[in-house]
Amino acid sequence: MFTLRCLVDNHSSDVIRYQAEHGLAFAIETPAGQILFDTGQSGKVLLHNAAQMELDLCQVDVLVLSHAHYDHTGGLDAFLQISQPGLPLYAHTELFRERYAIKDGQARSIGLHLAQTDLAQRVTLHLSAKPTQVLPGVWTTGEITQRTEFEGRSAHHYIRAENGWQLDPYRDDLSLILEAQAGLILVCGCCHAGLLNTLAQARRMFDKEITAIVGGTHLASLDANTLAHAITILRTNNIARSPYLYLNHCTGEHALAVLTHAFGEKVHLCPAGTVLRFD
Ligand SMILES: [Fe+2]
Ligand SMILES: [Fe+2]
């Protein structure tokens, strides 16, 4: 049994109890231990919502970061104030690369604001571009290098390369795969590598059906044809049945409406405060 609690999202399921901010974090309870997947933007929302859900973040056994962006790593400092010393932290090898948003000629730093040397004193770093088991039955996708389908891209995202600014290749982007009895659960942070590319990676790693997709899927910038293509793939391509979708963060309202039209009751919002259980 896996229990997922959405601790941070752009929206709240109950504005009295739960705060919202642009960002994402999930607590994932597994038979082998407790995982925190991303930390949201401020740390304040993460800690507040965890307290409201009576979830003790001191008991987290493993931290996984989906990618470097501030809305997923900004709460790291606050979380590390209460986490166990030497906590295992899993992420991609490029987690510490500087990342920027460039708008109107102005570059704004949007990556992780903690140095690797500082972080290495507080956690046990497990940085890898390869799929990695973080607890029994829980894997990172690793870096998704095969990107034959659309990516989850923002036109403003850049890295600084030797010869100047370069569009961020999002090499650091990874998702989590939970091996539930009923099938695989894919948990996405921002899915910059692209939802269909990420699903293809999960299928390469496991010969099992994907029964649910949870989290931010970055479908907001897709045109109608690409969205229709995504729906066709979700229905048919090596997935025996279309998966349940619990979507939030960067998925985009238009994409949500189109997916709901296509998949009906299989599509759910997943605001802060949501609890999902998978056998
Ligand atoms: Fe992102
Ligand atoms: Fe994000």
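The values are calculated or read from the model by the stated rules, or taken from the named source; none is laboratory data. Fair warning: this is a prediction, and the values are worked out from it, not measured in the lab. Cβ sites come from the backbone with ideal geometry, for glycine too, and all protein chains shown count toward neighbours.
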Legend entry - Condition check for Leu167: more than 26 Å from Gln133 (Cβ to Cβ), at pLDDT 95 or above and not acidic (Asp, Glu): yes
Legend entry - Boolean, Ala220 is within 13 Å of ligand 1 (Cβ to nearest atom) and more than 19 Å from Val64 (Cα to Cα): yes
Inset, instruction - Name every residue in the stretch 68-87 that is within 19 Å of Leu135 (Cα to Cα) and either within 16 Å of ligand 1 (Cβ to nearest atom) or buried (at least 18 other Cβ atoms within 10 Å of the Cβ) (or both), in order of residue number. - result: Ser83
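Using the structure shown, decide if Leu95 is in a loop (DSSP other than H, G, I, E, B) and either out of contact with any helix residue (DSSP H, G or I) (no Cβ under 8 Å at 6 or more places or on another chain) or modelled with pLDDT of 95 or more (or both). Don't jump to the end; show me each part of the working.
Details: in a loop (DSSP other than H, G, I, E, B): yes; either out of contact with any helix residue (DSSP H, G or I) (no Cβ under 8 Å at 6 or more places or on another chain) or modelled with pLDDT of 95 or more (or both): yes.
Criteria met by Leu95.
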Inset, instruction - Could you pull out the residue among Gln41, Gln106 that is more than 16 Å from ligand 1 (Cβ to nearest atom) and farther than 28 Å from Lys208 by Cα? - result: Gln106
Legend entry - Some residue of the stretch 190-203 being more than 17 Å from Thr148 (Cβ to Cβ), touching a strand residue (DSSP E or B) at 6+ places or on another chain (Cβ under 6 Å) and within 16 Å of ligand 1 (Cβ to nearest atom): yes
Inset, instruction - Of all residues in the stretch 203-235, count the ones that are surrounded by fewer than 21 Cβ atoms within 10 Å (Cβ to Cβ), more than 16 Å from ligand 2 (Cβ to nearest atom) and among the small types (Gly, Ala, Ser). - result: 2
Legend entry - Selection status of His48, in a helix (DSSP H, G or I), surrounded by 20 or more Cβ atoms within 10 Å (Cβ to Cβ) and on the phi < 0 side of the Ramachandran plot: no
Legend entry - Flag if Asp173 is on the phi < 0 side of the Ramachandran plot and modelled with pLDDT of 95 or more: yes
Inset, instruction - Write out, first by first residue and then by second, each pair whose Cβ atoms fall under 7 Å of each other, whose residues are 6+ apart or on separate chains, and whose first residue, in the stretch 53-66, is closer than 12 Å to Leu7 by Cβ and in contact (Cβ under 8 Å) with a residue 12 or more places away in the chain while the second is aromatic (Phe, Trp, Tyr) and outside any loop (DSSP other than H, G, I, E, B). - result: Leu57/Phe79
Legend entry - Out of Glu209, Glu253, sole residue that is out of contact with any helix residue (DSSP H, G or I) (no Cβ under 7 Å at 6 or more places or on another chain) and under 25 Å from His67 (Cα atoms): Glu253
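Which residue, of Ala51, Ala101, Ala68, Ala78, is more than 17 Å from the chain's Cα centre (by Cα) and within 15 Å of ligand 2 (Cβ to nearest atom)? Before you say what the answer is, go through the steps one by one.
Values: Ala51 fails: within 15 Å of ligand 2 (Cβ to nearest atom); Ala68 fails: more than 17 Å from the chain's Cα centre (by Cα); Ala78 fails: within 15 Å of ligand 2 (Cβ to nearest atom).
Going through Ala51, Ala101, Ala68, Ala78 in turn, the sole match is Ala101.
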Legend entry - Count of residues meeting criterion [touching a helix residue (DSSP H, G or I) at 6+ places or on another chain (Cβ under 8 Å) and either of a type in the set (Lys, Arg) or within 15 Å of Thr251 (Cα to Cα) (or both)] in the stretch 194-206: 2
Inset, instruction - Taking Arg5 as meeting all but one of (1) within 16 Å of ligand 1 (Cβ to nearest atom); (2) part of a strand (DSSP E or B); (3) surrounded by 14 or more Cβ atoms within 10 Å (Cβ to Cβ), write down the number of the exception. - result: (1)
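Determine whether Cys250 is in contact with a His (Cβ under 7 Å, 6 or more places away or on another chain) and either within 16 Å of ligand 2 (Cβ to nearest atom) or at negative phi (or both).
Yes.
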